[in-house]
Each structure stands twice: as C-alpha cells, then as structure tokens.
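J.: Could you have a look at this structure, given as structure tokens, before my questions?
The values are calculated or read from the model by the stated rules, or taken from the named source; none is laboratory data. Keep in mind that this is a model prediction, so the values were computed, not measured. Counting neighbours? That spans all protein chains shown, and the Cβs are built from the backbone with ideal geometry, glycine included. Protein only, heavy atoms only, side chains kept; ligands, DNA and RNA dropped before computing areas. Shrake-Rupley method; radii C 1.70, N 1.55, O 1.52, S 1.80 Å.
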Amino acid sequence: MASGVLKRLIPALALSAAALTVQAGESITLASTTSTENSGLFGYILPIFEKASGIQVNVVALGTGQALDVGKRGDADALLVHDRAKEESFVAEGYGAYRKDVMYNDFVIVGPAADPAGVAGAKTADEAFAKIADSGSTFASRADRSGTHAAELRFWKAVGKDPEGKPWYKASGSGMGATLNMAAGVGAYTLSDRGSWANFKNRQDLKILFQGDPQLYNPYGVILINPAKHPHVKKAAAERFIDWITSDAGHQAIADFKLNGEQLFFPLKAK
Amino acid sequence: MGGFSQAFAEAFVLLWRFDAQVLEIVLRSLQVSSLAVLIGTAVGLPLGACLAVGQFPGKQTAAVIINGFMGLPSVVVGVVVYLALSRSGPMGEFGLLYTPSAMVIAQVVLVVPLMAAIARQVVEDAWRNYQEELAALRFGWWDTVRVLLHDCRFSLSVAVLAGLGRAMSEVGAVMIVGGNIDRATRVMTTAIALETSKGDLPLAIALGIVLLVLILLLNAGAFALRTTVMRRFE
C-alpha cells in the first residue's frame with residue numbers, strides 16, 4: 001500500500017522538480033543591494049526590461065560587500081551596488097570587466113523624534129555624526145560591510161570618532177530593514193538610504209532628522225563580472241542589461257519609479 | 001496591540017483572495033520541501049534503522065552524532081552548501097546556486113539527521129520487542145531493517161512529518177543558497193523575512209499564519225490518512 005503511494009508520488013515529484021527549474025527564455029543573475037530591492041525599484045524597472053529583451057533578471061539582494069564577494073566567486077553575472085571605492089578596486093583587481101554609473105540617491109539620518117543629540121540643528125552631515133558621538137546617543141549601525149555601512153564609517157572617520165565598542169553604538173550586523181527595525185525598537189539614530197526608509201513601514205517614533213547635505217550623495221554603479229575570470233558568465237545577456245540600464249530608456253524607467261509620489265533614484269549620465 | 005488584529009485581517013484577506021503571488025510562493029515552498037523530505041525519507045529512514053539494528057563499533061557514538069545533528073543550525077548548512085555549490089566551489093560547474101535545486105539540497109542536509117534520529121529511536125524500540133523472533137527466523141540484519149521499517153511505518157510517519165515541518169519552516173539555509181529571488185526562489189519563510197525587513201510586520205505575520213495553516217493542514221491530512229489505513233489493516 002505505502003509503496004504503491006510512493007510509486008505514484010515519485011514521478012509526480014520528479015515532474016514538479018522539473019517544473020521548478022524550467023525558466024522561460026534566458027536569464028541572468030544580478031547581485032544587488034537591499035536598498036534597490038526593498039524600495040521596489042527592481043519590481044518596477046525589471047518588467048520593462050524583460051518585456052523589451054526577453055531576458056529575465058534574477059535579483060539576489062545582499063549588502064554591497066556581500067554582493068562583491070558573490071561576484072568574486074563568480075556566482076552572479078553582473079552587480080548593481082553602491083560603494084564606488086570598492087567597485088573601482090573590484091574592477092582594478094580583474095574581478096569585474098568594467099563599471100558604469102547608473103544612478104544616485106541619497107542617505108538620510110533618521111532618529112527618535114525627540115532628537116536628544118540635536119542632529120536636526122546640524123549644518124553638515126559630519127557635524128550631525130559628531131553630535132551623536134558627543135552626546136553618546138544610541139546609534140544602530142549596519143555593521144555588515146554594506147555600502148551604507150561603508151558610508152557611515154567614512155563619516156565617523158571624517159569627524160575623528162571611533163564608535164567601535166562604545167556602549168551607545170549598536171552593531172546590528174544585518175540589513176537596512178532589520179537595522180531600521182532595531183532603531184525603531186530602541187529609539188536609536190541610524191543612517192539609511194532614502195529608498196529603504198521610504199518603503200519602511202514600522203517607523204514608530206523614527207523620523208528623518210537630517211538630509212540634503214551633498215556629503216550624503218550615494219551613487220550606484222553596474223559591473224559586469226569578468227568573463228575572462230569566470231567563463232560561465234552570461235556575457236551577452238548581462239551586457240544587454242547593462243546597456244539598457246545605462247541607456248535613455250533605462251534612465252527613463254528609473255526616473256519614472258516613484259513611491260508615494262516621490263522619486264527615489266536619479267539617473268546618472270555616463271561620463 | 002492593533003498589530004495582531006491587523007495581521008489576522010491581512011492573513012484572512014490573503015487566503016480569501018487566493019492572491020496569485022502568494023499562491024505561487026506557497027506552491028514553491030511545498031514543492032521544494034516535499035522533494036527534500038522525499039529524498040530525506042529514502043535516505044534518513046533506512047539510515048536510522050541501520051543504526052538501530054546494526055552491530056558495529058562506534059554505534060553509540062554514531063547515535064549521539066545523529067541526535068546532535070538534529071540541532072544543526074540551518075544557517076550553517078546554508079553556508080556549507082553555498083560554498084559547495086558556488087562557482088568557485090567543488091560543485092560549481094553545475095551552476096546550481098540560486099536555483100530551487102540548491103534549496104532542495106540544503107533542506108535534505110537539514111532533514112536527514114532529524115528523520116534518521118527519529119527512525120533510529122522508533123526502530124530500536126520495535127527491535128527490542130521482536131529481537132528474539134527475528135533471530136529465531138535467522139533474519140540477516142538487512143532483512144531485519146526491512147521488516148522493521150515496514151512494521152513501524154505508521155510510527156515513522158512522525159519522522160516524515162517532523163522532517164516536513166523542519167524543511168518548510170527553516171529560513172537560514174534557503175535564504176543563503178536560494179537568494180530569495182522573486183518568481184524563482186522565493187518561498188514562504190524568505191518572503192516573511194523580506195516583509196519583516198521592509199517593516200511590514202502585519203504582512204509578515206499574515207504570511208506566517210498562512211504557513212502555519214498549511215503545515216496544520218498537511219499534518220491533519222497525514223493523520224487522517226494514517227487513521228484510515230490503520231483501520232483497514234486491523
């Protein structure tokens with residue numbers, strides 16, 4: 001009896017396994033950041049590209065550092081990340097074939113509405129970070145080698161503070177969303193990209209306290225994984241995506257993406 | 001807390017509307033996990049029975065190891081399978097990373113020790129009862145394993161259900177090896193993690209309720225099947 005059931009079950013499952021792996025047409029793997037995925041940008045622009053090209057883009061959303069690692073190992077065809085210094089050394093070391101500018105958005109400093117550090121009165125982002133450190137206000141850090149984490153570390157360095165190990169500095173070691181959940185939970189300050197913040201629903205007492213400083217500029221670049229290093233990279237399909245997202249059509253799609261009526265990403269003309 | 005009532009309302013709406021996207025994710029969860037449990041059954045139950053019946057040095061140690069592996073953190077399994085399937089890893093040429101197949105492999109690694117450990121306990125208890133009869137029949141150890149597995153098949157359904165429960169509820173491994181890719185490798189648990197990270201806690205809990213309802217239905221189905229089949233045999 002049981003074996004009879006099993007005999008009928010096995011072909012059914014084998015079939016379902018086959019159905020799992022079938023993908024219509026060509027596809028590429030794009031390792032990107034949580035900021036682009038969580039904001040809903042990909043959900044908006046990728047169907048436009050897929051319709052035009054017939055190429056499906058499989059997005060794996062990670063932090064920038066992790067996405068670069070995945071690229072180094074050859075587990076993606078292209079990267080869309082935001083840490084220009086690391087992106088350039090990634091290409092220089094031969095892991096990437098080339099890098100192109102795609103778009104930018106900006107970081108915002110969010111924190112408890114009461115603003116114990118007085119960040120809202122700061123004139124520059126540097127000053128805002130210095131105020132947080134000087135007042136010893138709780139700060140939730142990504143601490144995950146993401147692009148946002150790298151930006152945050154640049155600010156601490158610029159104002160000569162070393163928050164590592166301080167009781168007010170909470171290293172969450174997790175994504176933007178988890179870090180925002182933490183900041184909301186304990187009433188901490190944190191640095192967020194505007195897209196993740198705009199799409200974040202569990203704000204509780206958090207609000208944007210500082211924004212608009214040119215220091216908070218956050219550019220994104222696209223990189224083709226070097227086919228010379230990883231021969232299995234789907235070069236043709238990945239290049240079609242790169243060409244599209246840096247073209248006028250791609251830029252238009254990026255500019256058209258709005259959340260609650262607000263444009264979150266701004267196309268960058270290639271130099 | 002208004003959050004919970006909102007979550008239940010959302011869960012109800014999700015189930016009621018039969019939301020196509022949610023349905024697709026539910027089906028993928030079921031496919032991946034049932035395939036993993038099927039393989040786990042084929043490997044884990046005989047393995048457990050052999051550990052129960054076999055006489056070999058280090059048997060106790062093997063039993064302790066298998067029991068210990070029940071507590072294997074899924075995220076560790078995820079990292080290990082990731083390194084194995086990565087293009088730079090030993091099985092890189094197959095290009096399995098970030099596919100449902102990778103998720104099945106990771107879940108097999110997770111459920112085999114659990115299913116083997118339960119099977120070992122169940123079969124060992126039965127073996128103690130029938131040891132003399134089986135010896136009198138001059139059964140070899142392999143025949144003993146087969147007879148006991150067949151004889152314990154109803155009790156062993158617990159092992160299968162436990163495996164299914166673990167496979168469907170774990171998130172650490174499938175997140176790493178599957179990548180939570182929309183329309184490709186997104187399953188219930190990774191979707192819940194994603195909604196949590198977006199701060200949409202009511203939707204996260206709603207999906208959790210859907211997952212729980214699904215696991216309860218599977219268990220109820222298994223229970224009903226077991227009852228009818230057992231009645232027929234009595």
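J.: As a quick test, which of the pairs A:Lys100/B:Lys198; A:Lys86/A:Lys234; A:Lys170/A:Lys201; A:Lys72/A:Lys201; A:Lys51/A:Lys258 have an alpha carbon distance above 30 angstrom in this structure?
T.: A:Lys72/A:Lys201
J.: Next question, about the same structure. What value, in deg cm²/dmol to 500, does the helix sum -39500 (n - 2.57) over DSSP H runs of n ≥ 4 give at 222 nm once divided by the residues of chain A?
T.: -12500 deg cm²/dmol
J.: Another question, then. Taking the 0 to 90 degree range and rounding to the nearest ten, how far is the long axis of helix A:147-158 tilted relative to the main principal axis of chain A, both from C-alpha atoms?
T.: 20
J.: Something else now. For region A:25-120, with every protein chain kept in place, what is the accessible area per residue (1.4 Å probe, Å²)?
T.: On a per-residue basis, 30 Å².
J.: Classify region A:107-216 as rounded, prolate or oblate, taking a ≥ b ≥ c as the square roots of the eigenvalues of its Cα gyration tensor: rounded when a/c is under 1.5, otherwise prolate if a/b is larger than b/c and oblate if not.
T.: Verdict is rounded for region A:107-216.
J.: Only Cα pairs within less than 10 Å get springs; with that Gaussian network setup on chain B, which residue of B:Gly165, B:Gly54, B:Gly78 has the largest fluctuation?
T.: Taking springs between Cα atoms under 10 Å, the residue moving most is B:Gly54.
J.: Rounded to the nearest 500 deg cm²/dmol, what is the calculated helix-only ellipticity per residue at 222 nm for chain B, with -39500 (n - 2.57) per DSSP H run of length n ≥ 4?
T.: -27500 deg cm²/dmol
J.: Would you be so kind as to identify all helices of chain B, as entire DSSP H runs, whose Cα atoms reach 30 Å or more along the helix's own axis and whose mean Kyte-Doolittle hydropathy is at least 0.5?
T.: Helix filter hits for chain B: B:20-53, B:100-136, B:201-233.
J.: Using Cα springs under 10 Å in a Gaussian network model of chain B, which residue among B:Arg120, B:Arg146, B:Arg166 shows the largest mean-square fluctuation?
T.: Looking only at B:Arg120, B:Arg146, B:Arg166, the biggest GNM fluctuation is shown by B:Arg146.
J.: Going by accessible area, probe 1.4 Å, with all protein chains left in place, what is the ranking of A:His230, B:His150, largest first?
T.: Highest to lowest solvent-accessible surface, that is B:His150, A:His230.
J.: Here is a further query. Pairs of Cα atoms under 8 Å, at least six residues apart: use those to get the relative contact order of chain A, whole percent.
T.: Relative contact order for chain A comes out at 28 percent.
J.: Determine the gain in length on full extension of the stretch B:Trp142-B:Asn219; use 0.36 nm per residue of separation and subtract their C-alpha separation, reporting nm with one decimal.
T.: Roughly 24.6 nm would be gained on extension.
J.: With just the Cα atoms of chain A, tell me how far they stretch along each of the three principal axes, in Å, largest first.
T.: That gives 68, 58, 38 Å along the principal axes, largest extent first.
J.: Related question: What FRET efficiency do you get for A:Asp248 and A:Lys86 if R0 is 25 Å and r is their Cβ-Cβ distance, rounded to the nearest 0.05?
T.: For A:Asp248 and A:Lys86, the calculated efficiency is 0.35.
J.: Give the long-range amide H neighbours of B:Ile181: residues separated by 5 or more places, or on another chain, with amide H under 5 Å away, using H modelled in the peptide plane at 1.01 Å from N.
T.: Counting only residues 5 or more places away or on other chains, the set is B:Arg186.
J.: Considering only DSSP beta bridges whose two residues both sit in chain A, what percent are antiparallel, to the nearest 5?
T.: So the antiparallel bridges amount to about 60 percent of the total.
J.: Rolling a 1.4 angstrom probe over the protein chains, ignoring ligands and nucleic acids, what is the accessible area of B:Met70 in square angstrom, nearest 10?
T.: 70
J.: For region B:22-185, max minus min Cα coordinate along each principal axis, in Å, sorted largest first?
T.: 58, 35, 25
J.: Around A:Phe139, what is the net charge, scoring Lys/Arg as +1 and Asp/Glu as -1 over all other residues with Cβ under 10 Å from its Cβ?
T.: +1
J.: Rank A:Ala198, A:Ala150, A:Ala236 by mean-square fluctuation in a GNM of chain A with C-alpha springs under 10 angstrom and give only the top-ranked residue.
T.: Result for chain A, Cα springs under 10 Å: A:Ala236 fluctuates most.
J.: Which whole-Hz ³J(HN,Hα) couplings does region A:92-99 yield from phi under the Karplus relation 6.51 cos²θ - 1.76 cosθ + 1.60, θ = phi - 60°, glycine and proline marked x?
T.: 4, 7, x, 6, x, 6, 6, 10
J.: Name the long-range amide H neighbours of A:Leu209: under 5 Å, sequence gap of 5 or more, or other chain; modelled H, no Pro or chain starts.
T.: A:Ile109, A:Val110, A:Gly111
J.: Using r as the Cβ-Cβ distance of B:Tyr130 and B:Leu23, and R0 as 45 Å, what FRET efficiency do you calculate, to the nearest 0.05?
T.: The calculated FRET efficiency here is 0.45.
J.: Using protein chains only and a probe of 1.4 angstrom, how many square angstrom of A:Asp83 are accessible, to the nearest 10?
T.: 10
J.: Which value in nm describes the separation of the simple spin-label points at A:Asp205 and B:Gln6, placed 7 Å from the Cα toward the beta carbon?
T.: Going from the A:Asp205 label point to the B:Gln6 one covers 1.8 nm.
J.: Given H placed on each backbone N at 1.01 Å, which residues far from A:Ser27 in sequence or on other chains put an amide H within less than 5 Å of it?
T.: Under 5 Å from the amide H of A:Ser27: A:Gln56.
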